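J.: Sharing a structure, written as structure tokens. Questions coming.
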């Protein structure tokens, strides 16, 4: 029986495996000096997909997948940062993401990369179980959520953003038409800073309650009738939408700052309608 021998000389065309170098002999290019004397505000990794758990009002936690960005500042004297350390820090903290956990991640980024400032963003789909208004049919509505946090040696900042689809019905169209009125799907982007922890569901509900109608993933015919008629009875301009959200946000003691943007994807115009209010 012929045996296959591990002899590199038996096939001269096969490339030789490189012998691993000792770590101490590898050049750390990132730590080489840079003489342009230009500091970088943020450097790091973006578009990193990572499974996470977030707090869920109805079910305690929810599993989802986030697109993550992790960055720090880079002093002018260094050529580059150590990209692998960003991923290492994220992996070290597991998959349960909440406010306190994010602050710990930021502190570890600062320490691990010897930076003055660290910044993280988690953007992910968030699902809410909703019942149709008449039939009670259950469906899952998805929303986009972004958690963005920055920390320095002296201060920290944390912003939660929800992107909520809604229905709006035009008050002008209703007023001038003998029957019917044009309506459209709108998108509200609602960002907040808060003094006390606030549920993602509470922010979504605040937005949806200000629209002509909220959206559902599953509706039967009796539900469609009720939703359509409710929208007709509650017409709102894009201006009305952001103003109503602002009034409710002003009345919520948990919300310290907000920025609300509404964009209607117009059904009878070749453009979108837009409005924005920022507190402070």
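J.: Roughly how far apart, in whole Å, are the Cα centres of segment 149-201 and segment 219-268?
T.: A separation of 8 Å, based on Cα centres.
J.: Measure nothing fancy, just the Cα-based angle from helix 83-92's long axis to the longest principal axis of the chain, in degrees from 0 to 90, nearest 10.
T.: Approximately 70 degrees, to the nearest ten.
J.: Extension gain residue 47-residue 138, at 0.36 nm per residue separation less the Cα-Cα distance, in nm?
T.: Length gained between residue 47 and residue 138: 29.5 nm.
J.: Enter the angle in degrees (range 0 to 90, nearest 10) between the Cα long axis of helix 99-113 and the first principal axis of the Cα atoms of the chain, meaning the one along which they spread out most.
T.: The two axes meet at around 30 degrees.
J.: Hey, what's the Kirkwood Rh for segment 120-185 if you take every pair of different alpha carbons, in angstrom?
T.: One over the average 1/r among Cα pairs gives 15.7 Å for segment 120-185.
J.: For the chain, take the longest principal axis of its alpha carbons; what is the angle in degrees between that and the long axis of helix 238-251, to the nearest 10 within 0 to 90?
T.: On a 0 to 90 degree scale, this one is about 80.
J.: If I model a spin label as a point 7 Å beyond the Cα along the Cα-Cβ vector, how far apart are those points for residue 247 and residue 100 in nm?
T.: Each label point lies 7 Å from its Cα, and together they span 3.8 nm.
J.: What list of whole percents do you get for P(r) of segment 204-280, with Cα-Cα distances grouped in 5 Å bins up to the one holding the largest distance?
T.: Reading upward from the zero bin: 3, 14, 21, 22, 18, 13, 7, 3, 0.
J.: Match the structure shown to one of the listed values (1) 1.55; (2) 1.26; (3) 1.40 of Cα Rg over 2.2 N^0.38 Å, computed from it, and give that label.
T.: (3)
Rule-based calculations on the coordinates, nothing more; no lab input. What you see is a predicted model, and the numbers here were worked out from it, not measured in a lab. Neighbour counts run over all protein chains shown; Cβ positions are idealised from the backbone, glycine included.
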